[in-house]
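The values are calculated or read from the model by the stated rules, or taken from the named source; none is laboratory data. The structure displayed is predicted, hence computed values, not measured ones. Here Cβ is always computed from backbone atoms with ideal geometry, including for glycine, and neighbour counts include all displayed protein chains.
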Number of protein chains: 2
Amino acid sequence: MHTFGVMEKRITLLQLEKFVSGVFMAMGCPLDDAAVATRALVAADLRGIDSHGVARLSGYVRLWEAGRINARPEIRILHESPSTAVIDGDGGLGLVVAPWAMKVAIAKAGLAGTGWVAVCNSNHFGIAAHHAMMALDHGMTGMAMTNASAIVAPTFSAERLLGTNPICYAIPAGEEPPFVADFATTTAANGKLEILQRKGADTPDGWLQDAHGKPVNDAHALRNGGALLPLGGDREHGSHKGFALGAIVDILSGVFSGANYGPWVPPFPAYVPMPENQPGRGLGHFLGAMRVDAFRPAEAFRADMDRWIRRFRTARPVTGSEHVIIPGDPERESEAERRVHGIPLLPVVWDDLRTVGEKFGISL
Amino acid sequence: MHTFGVMEKRITLLQLEKFVSGVFMAMGCPLDDAAVATRALVAADLRGIDSHGVARLSGYVRLWEAGRINARPEIRILHESPSTAVIDGDGGLGLVVAPWAMKVAIAKAGLAGTGWVAVCNSNHFGIAAHHAMMALDHGMTGMAMTNASAIVAPTFSAERLLGTNPICYAIPAGEEPPFVADFATTTAANGKLEILQRKGADTPDGWLQDAHGKPVNDAHALRNGGALLPLGGDREHGSHKGFALGAIVDILSGVFSGANYGPWVPPFPAYVPMPENQPGRGLGHFLGAMRVDAFRPAEAFRADMDRWIRRFRTARPVTGSEHVIIPGDPERESEAERRVHGIPLLPVVWDDLRTVGEKFGISL
């Protein structure tokens, strides 16, 4: 989507799926796990969230090489109640563990109305929307959150203590496509920062601070001990609310599950040492499913969601501006287009994938 | 808390409770309901959220005079599953309906691990924290949201389609006091705007837009068709995330319950006409309770929450700045002080309460 004047050669979905699943199998993932992980990873590329898709495949491989990912996890339920479960991901790929856990949430919701699953001992799970949207196939609302390694400073903190900690809600409608909101709890997602880094451009105000907590516009501030800022940017613009949101995601994902939290969450780059004195195991997620008809007859619910979506989509726009965007619309349009015309990859991503392929003798 | 050089005379908690419950009983509320409503309303004054406490009592009275509040509601469960319920508030005070519904959520959580209650046909419920914190007394995590009349414009909309739609999570700890985050999903809460209006001061950027959607700093912009902005302020600073949050609160509170949503939520000022073609009944809430030990042994959970809170509270602060504030700390400190020394009320609030008292023959 973001070309910067660089040619992006496209790859077909089938070709990309074949390559990615081949890599996961070469890492030792069983066939079914490799398929689940591939669908989760490539969902990001289809939906236009290029920062979270195959551009990260080599990062997962390096984590596996460093012994930080278990390719053959024995995922299990540690504890459960009618509407809850805690799941031990056994160090597996979050791309495999989260869908496993989401299935448990959906099964619980089928019986108890809602299902809520906290996951420990996992790794990065890709985009939250992929997992939350699994509930849509069952006519349910899905919810997915995860904590992540600390690159965000709470309001008034010079230290990085939170990840970008995303939240996704996927809510079914009737004739309208579903409402799918998936967002980091920072002013700007890391992916957007990477785009400005590649461009050599400064960031807007409210995105970053330096190692002393001073607001800066240098897109490379994270390298020098700086931090991303919570949604809001500063206190006057509500950053304490963005901090609270990131904290809620961290607590639900980390403390409810027995995973790590705050500054102790394992880093994604394999070369970054693990934090010392970790209180829990791995990284944590919090997933949920709610049966619509545990609240209202599904038809009445769907009719109201359609009315909600149509009223907001047709709101009188700001003079000279775009229309109101219903969360999920741009990603769905990207997916429809890319399923037909293929997925554009930057030259640097092509090169990265080829290097990974050569390692395992898999051609792209 | 905000004096603007004006003398704030204090009132004791007991005196205020006696007066407020007298007013609710004069409106026709049964004794128990009056007590519940009084505790919910005065909780805002105790916690320092002065905009949502007794400063609004006359507003509730005017809604009752306009026939928009039922002082003797027959609250009932419309539908339920093991972990969910939908409740019809019968047009009662949200201050009465929400605690009733929260008790159902807590009872469900006791049996099913979690309980989730959508409420329709209600009215404004005061501060979300009061309801969410009911779960803490049972060693549970509480969650409360509500929609509200539309004074917020979604990103790219010139129209007001959402309320300030607050979210509260109350999470118990061990030796540390609980984590209680309660915040509007806008850059600035309406109460903060009112403070600037009284001061005659401009607002910071990112708080407001005018009737055409142009960003403005005039604290009175709402009077002329303007709108509050979602958390983030504008697209570049993540307002689409604040919009998504407000939308999620609106859908959970309105669409899940069968209440109104979006621009159809009933207004708080009794002189504002009801929106036409309302799709639902009254205003909606969404409340939840999660049993901590439905996830992990309570002691392990509490120890990790203590560690979380201590690590964040002692974070190295930004040079020359305050320390990191754990959500709930300022409100708890306010309550401790005001329980002892009484609650400061602005002269305009004293006058307003006296006028209400005269109406019912109750002296303050």
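Below are the figures for this structure:
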read-out	value
Unique match (being under 21 Å from residue B:118 (Cβ atoms) and either within 29 Å of the chain's Cα centre (by Cα) or part of a loop (DSSP other than H, G, I, E, B) (or both)) among A:302, A:281, A:310	A:302
Qualifying residue in the stretch B:188-202 (condition: touching a Phe, Trp or Tyr at 6+ places or on another chain (Cβ under 7 Å) and among the charged types (D, E, K, R))	yes
Residues that are at the interface with chain B (Cβ under 9 Å from one of its Cβ atoms) and either touching a Leu at 6+ places or on another chain (Cβ under 8 Å) or closer than 26 Å to residue B:117 by Cα (or both), drawn from the stretch A:263-278	A:263
Filter pass, residue B:129 being touching an Asp or Glu at 6+ places or on another chain (Cβ under 8 Å) and modelled with pLDDT of 95 or more	yes
Among residues of the stretch A:202-224, those that are in a loop (DSSP other than H, G, I, E, B) and either without any contact (Cβ under 8 Å) to a residue 24 or more places away in the chain or surrounded by 15 or more Cβ atoms within 10 Å (Cβ to Cβ) (or both), counted	14
Failed item, numbered, when residue B:111 is tested on (1) crowded, with 24+ Cβ neighbours inside 10 Å; (2) farther than 30 Å from residue B:225 by Cβ	(1)
Every residue from the stretch A:79-104 that is under 10 Å from residue A:119 (Cβ atoms) and either in contact with a strand residue (DSSP E or B) (Cβ under 6 Å, 6 or more places away or on another chain) or within 14 Å of another protein chain (Cβ to nearest Cβ) (or both)	A:85, A:86, A:87, A:88, A:89, A:94, A:97, A:98, A:101, A:102, A:104
Verdict on residue B:59 being touching a Phe, Trp or Tyr at 6+ places or on another chain (Cβ under 8 Å), of a type outside the set (Phe, Trp, Tyr) and at pLDDT 95 or above	yes
Filter result for the condition that a residue is surrounded by 22 or more Cβ atoms within 10 Å (Cβ to Cβ) and not hydrophobic (A, V, I, L, M, F, W, C), over A:351, A:250, A:306, A:329	A:250
Within the stretch B:222-248, considering residues that are more than 10 Å from every other protein chain (Cβ to nearest Cβ) and at pLDDT below 95, the one farthest from residue B:184 (Cα to Cα)	B:224
Boolean, residue B:335 is under 24 Å from the mean Cα position of the chain (by Cα), surrounded by fewer than 21 Cβ atoms within 10 Å (Cβ to Cβ) and part of a helix (DSSP H, G or I)	yes
All positions within the stretch B:249-262 that are facing chain A (nearest Cβ under 7 Å), more than 12 Å from residue B:164 (Cα to Cα) and not hydroxyl-bearing (Ser, Thr, Tyr)	B:251, B:255, B:256, B:258
Out of B:130, B:138, sole residue that is more than 8 Å from chain A (Cβ to nearest Cβ) and within 18 Å of residue B:41 (Cα to Cα)	B:130
Tabulated pairs, the stretch A:342-364, first without any contact (Cβ under 8 Å) to a residue 24 or more places away in the chain, second of a type outside the set (D, E, K, R) and assigned to a loop (DSSP other than H, G, I, E, B), C-beta under 6 angstrom, 6+ apart or interchain	A:354/A:364
Residue list for the stretch B:308-342, restricted to those being farther than 17 Å from residue A:248 by Cβ, within 8 Å of chain A (Cβ to nearest Cβ) and of a type in the set (D, E, K, R)	B:316, B:322
Single residue of the stretch B:147-171 satisfying the filter (hydrophobic (A, V, I, L, M, F, W, C), assigned to a loop (DSSP other than H, G, I, E, B) and facing chain A (nearest Cβ under 7 Å)) that is nearest to residue B:329 (Cα to Cα)	B:161
Selection status of residue A:289, in contact with a helix residue (DSSP H, G or I) (Cβ under 6 Å, 6 or more places away or on another chain) and either aromatic (Phe, Trp, Tyr) or surrounded by fewer than 24 Cβ atoms within 10 Å (Cβ to Cβ) (or both)	no
Hits in the stretch A:195-221 - residues which are farther than 19 Å from residue B:319 by Cβ and more than 10 Å from chain B (Cβ to nearest Cβ)	A:195, A:196, A:197, A:198, A:199, A:200, A:201, A:202, A:219, A:220
